[in-house]
Number of protein chains: 2
Amino acid sequence: MATELSPELRRSIENTIRGLTIDAVERAGIGHLGAPMGLARPVFQLWDRHLRFDPSDPDWALRDRFVLSAGHASMLLYSLLHLFEYELSLDDIKAFRQLGSRTPGHPEFGETAGVEITTGPLGQGFGHAVGMALAGRLARERFATGSEGPGHHFVYAVASDGDLMEGISYESASLAGHLGLGNLIVLYDDNQVTIDGPTSLTFSEDVRARFEAQGWHVQGVDGDDTAGLDAALESARAEGGRPSIVITRTTIGEGSGWAGLSKAHGGPFGADEVRATKENLGIPLDPEFFVPDEARTYLAGRAAAKREARAADDTRLSAWREAEPERAKAWDAARGRTLPADLAVTLADGLEGKADATRKHSGSVLQKLAEVAPILVGGSADLAGSNNTTLKGASDVGQGETPFAGGNVHYGIREHAMAAIVNGIALDGTFLPYAGTFMVFSDYMRPSIRLAALMGIRSTYVFTHDSIFVGEDGPTHQPVEQLDALRAIPGLTVFRPADGPETAAAWAYVASQAEGPVAFALSRQGVPAVERAKPFAAEDVWRGAYVVRDPASTPDVVVLASGSEVPLAVDTGKKLEAEGVQARVVSVPSLDLFTRQPDDVIDGMVPRDVPTVAVEAGLGESYRRLVGRDGLVYGMKGFGASAPWKHLADHFGFTPDKLAAAIRSHLGR
Amino acid sequence: MATELSPELRRSIENTIRGLTIDAVERAGIGHLGAPMGLARPVFQLWDRHLRFDPSDPDWALRDRFVLSAGHASMLLYSLLHLFEYELSLDDIKAFRQLGSRTPGHPEFGETAGVEITTGPLGQGFGHAVGMALAGRLARERFATGSEGPGHHFVYAVASDGDLMEGISYESASLAGHLGLGNLIVLYDDNQVTIDGPTSLTFSEDVRARFEAQGWHVQGVDGDDTAGLDAALESARAEGGRPSIVITRTTIGEGSGWAGLSKAHGGPFGADEVRATKENLGIPLDPEFFVPDEARTYLAGRAAAKREARAADDTRLSAWREAEPERAKAWDAARGRTLPADLAVTLADGLEGKADATRKHSGSVLQKLAEVAPILVGGSADLAGSNNTTLKGASDVGQGETPFAGGNVHYGIREHAMAAIVNGIALDGTFLPYAGTFMVFSDYMRPSIRLAALMGIRSTYVFTHDSIFVGEDGPTHQPVEQLDALRAIPGLTVFRPADGPETAAAWAYVASQAEGPVAFALSRQGVPAVERAKPFAAEDVWRGAYVVRDPASTPDVVVLASGSEVPLAVDTGKKLEAEGVQARVVSVPSLDLFTRQPDDVIDGMVPRDVPTVAVEAGLGESYRRLVGRDGLVYGMKGFGASAPWKHLADHFGFTPDKLAAAIRSHLGR
């Protein structure tokens, strides 16, 4: 049973959060304490009285989501997780920012029970929260029946000044307002201070007017006013058709001598300030990491109450399951990722020998995948037709009578928000989301792609127009360094398939095997079907590389290529053979997967004692690990140019004649 | 003498722009025609009646700047350049989107006289325009006297829906509003259509309210209403303290059968639609690329008038020069980049043998550089203290009585806008701008960094916290792939100096030699001074690499390192020598510069027949081109972790003991 929350007890708990924060930062010798101290009251109130969760089951599907976009305030989150009886001990908190601890400097998804998302890079949590809210609305419309069933939870995010200054927050807020995501509630920590000084140094927006202009429901409260916050949050939840932001005035470093100052952003305080602050707040100096018994008692009661509320929700969910067995089954299938075993075969069916742009192959594979895996949700940043990302059997999200019944998301010309939103959908765990744009614009999305890789979540990025063969749009639209730069992101798997079957195998990997994000690199231009030495097998693609052409005798050279350069390599191989040079051609649909193979697999396909050439209509330097210093990377040396792609192919040397000549010259033959 | 611009002649000129656009796109077989057709009237009016330029001298310092942020509307710009007698012939226009032409698919800085900036990636032009406007205000405050002297020009930008949906436009608009850049005037092409459909599919912001919330002066006009546009532009120019946006309602593809439709975004029309449109607009079908004589006459007159106006401005400028010889001299020195010959020596003075974090070395070098080169203008995205980017002798831009007299820019937590603004300042040509943040956040800036590299402009990015040795902030704040990803951008020179003298030489390179953008990678943590085999020479840094330690006998191994890993490599080399392994240690302050050296320089320092090891507290794969397939890249294999940096060094093996053991194992000794 919960004790009554007297004003004294409330203050004691808030100060416990402040004390834990101060001590953790003091022990670590570095960390952010101003925001947790300033937010202790409103965010404790949110967790205590509003947030629906079950500390014993952090993954409970119907829970409200809490996104600490201001990830530097991690000690606020860790304190709350500890106090509300998540699996996080005082010892964990004492190990704040230490190697291998559950309490890293910024919250990290997968490291700590109850941490929904990795945050820290500013603006990201905001954008991801929009995706989580969208996933909730999609799930509600697709599976729930009236007020019963999944998707009725709320997504609460805490955002700082920094979050609101980042472009991604405007982009994602714009789409959230446009779509009317009433299940998203942002608490803006309006503390009027950033690291360099008062917020007024750089930021003089009318935040209320800004969010109203983007279609949001805006309220303001004083962070000390818990009743006001309760009313604002109730009103926010009652507002079904607009996302809400609650501008919450707080004082950074509240309770300390640094209160309201820029320097309160980060600590440690040092012994004197710790003592003064603790005395001011009535926290005993000894022991450190002090939690009063009455706080423990109260919070144990509240944790129990949360568990009980969850049990009641489970009972309602069971009733819904019984009443709606088909919907329940579909929901379970979505979250359980139930997929046919022979997916790769199904997807590849009919594609062997077919010449087309790989973006078009991807589009047709997507249709088949959507049939067997109705969990696909995706779209493009205003290039749906070019990216071939539209699901033909699905309607547009945001349009019509049932705006969240669709599967096609129009993200608008907001690549960065798109990437974060896709990640947020992936984090929700119900859908398999994807995002499309031109590959050169992957640059706009990197901060979010990186987070997906760090979290190991299943976001998919469909990048078309993957080389200088974009053609006439010129160097601003022609990726040259992007393939290398994407391959450099740890944990991201890049596929650059050469034809229909390779594309199908890559999509099968996305749906059934991927343990982290996947990026596609797909051609704008038409590409001949690959002539393969042996029948196609999806496993070849999943291994990352396979031999498509082998000479009768020992190879004089191994030529590596991916995507649209595979047919070029094959033609060049034939030409070389006619000229007496034996070339093995290896298709490398995923350099990432290939370089993760055991040495014997790699050396068997690309022997160390045979000269190796990589050809890529981009820089291609990521092949160096196979080609070596003495091998030849036959790629671009700089930016492309505006011209029809066949002219570029000739100009930059991507023809069998020129490639064969370069290889012969390289071999000295 | 200019003919009178009758309504008929005006329409004829507008339709000439439309006709040139249609024909150019038709001949190229691909291109964007909707925007140029829709914008023909308002933008012709802007050029004809408002924009100050001299077609014979596109680089005239006092000209107004025209930024076509909607770069896909390139045929609008090319048509205007041709009609106003810039060096762009009808033959150039006929070669639209062809290899080597002056009329690439998107406008490219340096390829076409009169093109101020490369645009195409949406939002970039908007952000760069803010930088150009800021440079103008800084120049006015620093050099002008009242209404006389430089910096009184305006920056006009044309932005599309797509520009306004990109996060960078909100970020940069926020700062422009905050700083009150009254010399910035944006014409928003409100055509209510994007590629995927009506703008309402994804965008329902109240654009007026949005910009008002950001402190802008907002007006709206009908694109057909030239008098209304005149009045709006006059009012915008009269508004000295706020940037202006003129929401201009246009019809995409105006005059064609595709008018108002999404498909009008791109063409070609095809013969039938070309014929119908030309008939509708009264353009003769033959010849193509038709320019009526009366249009030629009028525009010749207008070009002459622009030249005359420029001459008058020159007269006023000469008077100012005479009245203010000191200011004129300072302005000329800034634009002429007058710098002492021995800059590197001056900057490096006193730094040899000094242990410190390289970010701190950079901060102290910056102070010296600012003394001899008062053209430095820069700052940080709210991390000035950490990035050591503050010029101690300069005040803050935007603060105090003379808000534009300062040199320290507080960009706010807006990394992307910061990069674009720095580029805009560089394009203006008066100042040498820089931008600072943590290296991991370079990801937010890549689209703008790429444009700087493509344009070959002198932007400098000061990235501190350049490895996993960021420490406790954890993997979200620890770059691992960023160094490789930055080195992959063609034309960007990355410096990762190891100590004070190397840092000084790199800044000297920035100020006096760079022909394109430069990125610094600087350590957070303290780093011992490099023990060098021979006296320091800046040329060693400018060559990209040099031997810091050579064994007495032939090396058994060459160890490559940069930045904070150089002292580690030196210590490891000593340890190996004690164990009978002769190691040469090469400091590589710029892998980019080193790999551009002739083969004999590279092979002399890093012989092909000696096993090579690269050590980097990041992925380090960009060293593969020197290390080869059989060499050892001793770097990170994935993301870092949250812990004190010395613990990370031990955990991830960056200690002399562990590195020496790995090298011995690699050598089989």
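The residues of segment B:478-487 that are more than 7 Å from every other protein chain (Cβ to nearest Cβ) and not in a helix (DSSP H, G or I), listed by number, are B:GLN478, B:PRO479.
If you go through segment A:415-436 and keep only what is within 12 Å of chain B (Cβ to nearest Cβ) and in a strand (DSSP E or B), you end up with just A:GLY436. When residues in segment B:612-663 are screened for being under 16 Å from B:LEU568 (Cβ atoms) and either without any contact (Cβ under 8 Å) to a residue 60 or more places away in the chain or not aliphatic (A, V, I, L, M) (or both), 25 of them pass.
Evaluating A:LEU51 against the criteria (1) open to solvent by less than 20 Å² (accessible area, probe 1.4 Å); (2) away from chain B (no Cβ under 14 Å); (3) closer than 23 Å to A:ARG458 by Cα leaves one unmet condition, (3). For segment A:178-189, the criterion of being surrounded by 24 or more Cβ atoms within 10 Å (Cβ to Cβ), of a type in the set (Val, Ile, Thr) and out of contact with any strand residue (DSSP E or B) (no Cβ under 9 Å at 6 or more places or on another chain) is satisfied by no residue at all.
So in segment B:86-98, with the set limited to residues that are part of a loop (DSSP other than H, G, I, E, B) and surrounded by 16 or more Cβ atoms within 10 Å (Cβ to Cβ), which one is farthest from the other protein chains (Cβ to nearest Cβ)? Among those that are part of a loop (DSSP other than H, G, I, E, B) and surrounded by 16 or more Cβ atoms within 10 Å (Cβ to Cβ), it is B:TYR86. In segment A:242-259, the residue that is nearest to A:GLU212 (Cα to Cα) out of those that are open to solvent by 20 Å² or more (accessible area, probe 1.4 Å) and touching a helix residue (DSSP H, G or I) at 6+ places or on another chain (Cβ under 9 Å) is A:ARG242. Any residue at all in segment B:488-506 that's within 14 Å of chain A (Cβ to nearest Cβ), over 15 Å from B:ASP592 (Cα atoms) and open to solvent by 10 Å² or more (accessible area, probe 1.4 Å)? Taking every residue of segment B:488-506 in turn, none turns out to be within 14 Å of chain A (Cβ to nearest Cβ), over 15 Å from B:ASP592 (Cα atoms) and open to solvent by 10 Å² or more (accessible area, probe 1.4 Å). For segment B:525-537, state whether one or more residues are open to solvent by less than 10 Å² (accessible area, probe 1.4 Å), more than 14 Å from chain A (Cβ to nearest Cβ) and not in a loop (DSSP other than H, G, I, E, B). Checked against the condition, which is being open to solvent by less than 10 Å² (accessible area, probe 1.4 Å), more than 14 Å from chain A (Cβ to nearest Cβ) and not in a loop (DSSP other than H, G, I, E, B), segment B:525-537 yields no hits at all. Applying the set (1) facing another protein chain (nearest Cβ under 8 Å); (2) open to solvent by 10 Å² or more (accessible area, probe 1.4 Å); (3) assigned to a helix (DSSP H, G or I) to B:ARG137 leaves exactly one unmet item: (1).
Kindly list the number of the only condition in (1) in a loop (DSSP other than H, G, I, E, B); (2) within 20 Å of B:VAL494 (Cα to Cα); (3) of a type in the set (Gly, Ala, Ser) that fails for B:ALA614. Going through the list (1) in a loop (DSSP other than H, G, I, E, B); (2) within 20 Å of B:VAL494 (Cα to Cα); (3) of a type in the set (Gly, Ala, Ser), B:ALA614 breaks only (1).
Give me the pairs, please: first residue somewhere in segment B:236-249 and farther than 19 Å from B:SER160 by Cα, second residue anywhere and open to solvent by 50 Å² or more (accessible area, probe 1.4 Å), beta-carbon distance under 9 Å, and either six or more positions apart or on two chains. Close Cβ pairs satisfying both conditions: none exist.
So that you can scan it fast, the table gives a plain yes or no per residue for (1) within 14 Å of chain B (Cβ to nearest Cβ); (2) surrounded by fewer than 19 Cβ atoms within 10 Å (Cβ to Cβ); (3) modelled with pLDDT of 95 or more:
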site	(1), (2), (3)
A:ASP356	no, no, yes
A:HIS361	no, no, yes
A:SER364	no, no, yes
A:ILE375	no, no, no
A:LEU383	yes, no, yes
A:GLY393	no, yes, no
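For B:SER200, the conditions (1) open to solvent by 20 Å² or more (accessible area, probe 1.4 Å); (2) at pLDDT 95 or above; (3) farther than 26 Å from B:PHE44 by Cα are fulfilled apart from (2).
Within segment B:330-345, being open to solvent by 10 Å² or more (accessible area, probe 1.4 Å) and touching a residue at least 60 places away in the same chain (Cβ under 8 Å) holds for B:ALA330, B:TRP331, B:ARG335, B:ARG337, B:LEU339, B:ALA344, B:VAL345. Is there a residue in segment B:307-329 that is on the phi > 0 side of the Ramachandran plot and loosely packed, with under 14 Cβ neighbours inside 10 Å? Checking segment B:307-329: not a single residue is on the phi > 0 side of the Ramachandran plot and loosely packed, with under 14 Cβ neighbours inside 10 Å.
Touching an Asp or Glu at 6+ places or on another chain (Cβ under 8 Å), polar (S, T, N, Q), within 14 Å of another protein chain (Cβ to nearest Cβ) and open to solvent by 40 Å² or more (accessible area, probe 1.4 Å), is that true of B:GLN192? Yes.
One residue stands out among those in segment A:570-604 that are assigned to a helix (DSSP H, G or I) and of a type in the set (Val, Ile, Thr): the one that is surrounded by the most Cβ atoms within 10 Å (Cβ to Cβ), which is A:THR572.
Scanning segment B:179-197 for residues that are closer than 18 Å to B:GLY167 by Cβ and modelled with pLDDT of 95 or more yields B:VAL186, B:TYR188. Scanning segment A:63-85 for residues that are over 21 Å from the mean Cα position of the chain (by Cα) and in a loop (DSSP other than H, G, I, E, B) yields A:PHE84, A:GLU85. Applying a threshold of 6 Å to beta carbon distances and a minimum spacing of six or more residues, or different chains, the list of pairs starting in segment B:75-86 at a residue that is under 16 Å from B:ILE117 (Cα atoms) and ending at one that is of a type in the set (S, T, N, Q) reads B:MET75/B:THR21; B:TYR78/B:THR103.
One line per residue, one yes/no per condition, for (1) more than 30 Å from A:SER69 (Cβ to Cβ); (2) aliphatic (A, V, I, L, M); (3) in contact (Cβ under 8 Å) with a residue 40 or more places away in the chain:
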site	(1), (2), (3)
B:VAL462	no, yes, yes
B:SER467	no, no, yes
B:GLU472	no, no, yes
B:LEU486	no, yes, yes
B:GLY500	yes, no, yes
B:TRP507	yes, no, yes
B:PRO517	yes, no, yes
B:VAL541	yes, yes, yes
B:TYR546	yes, no, yes
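The one condition from (1) open to solvent by less than 20 Å² (accessible area, probe 1.4 Å); (2) in contact with a helix residue (DSSP H, G or I) (Cβ under 7 Å, 6 or more places away or on another chain) that B:ARG27 does not meet is (1).
Scanning segment B:437-477 for residues that are more than 9 Å from chain A (Cβ to nearest Cβ), assigned to a loop (DSSP other than H, G, I, E, B), crowded, with 24+ Cβ neighbours inside 10 Å and out of contact with any strand residue (DSSP E or B) (no Cβ under 9 Å at 6 or more places or on another chain) yields a total of 1.
The residue that is nearest to A:ASP556 (Cα to Cα), counting only those in segment A:605-632 that are open to solvent by 50 Å² or more (accessible area, probe 1.4 Å) and more than 9 Å from chain B (Cβ to nearest Cβ), is A:PRO611. Sort out which residues of segment A:271-285 are within 17 Å of A:GLY31 (Cβ to Cβ) and open to solvent by 30 Å² or more (accessible area, probe 1.4 Å), and write them in order of number. Across segment A:271-285, the qualifying residues are A:ALA271, A:GLU273.
The residues in segment A:99-134 that are touching a residue at least 60 places away in the same chain (Cβ under 8 Å) and away from chain B (no Cβ under 14 Å) can be counted, and the count is 6.
The values are calculated or read from the model by the stated rules, or taken from the named source; none is laboratory data. Quick caveat, the model's predicted, so the values are computed rather than measured. Don't worry about glycine lacking a Cβ; one is built from the backbone with ideal geometry, like all the others, and counts go over all protein chains shown. With ligands, DNA and RNA removed, areas are computed over all heavy atoms of the protein, side chains included. Shrake-Rupley method; radii C 1.70, N 1.55, O 1.52, S 1.80 Å.
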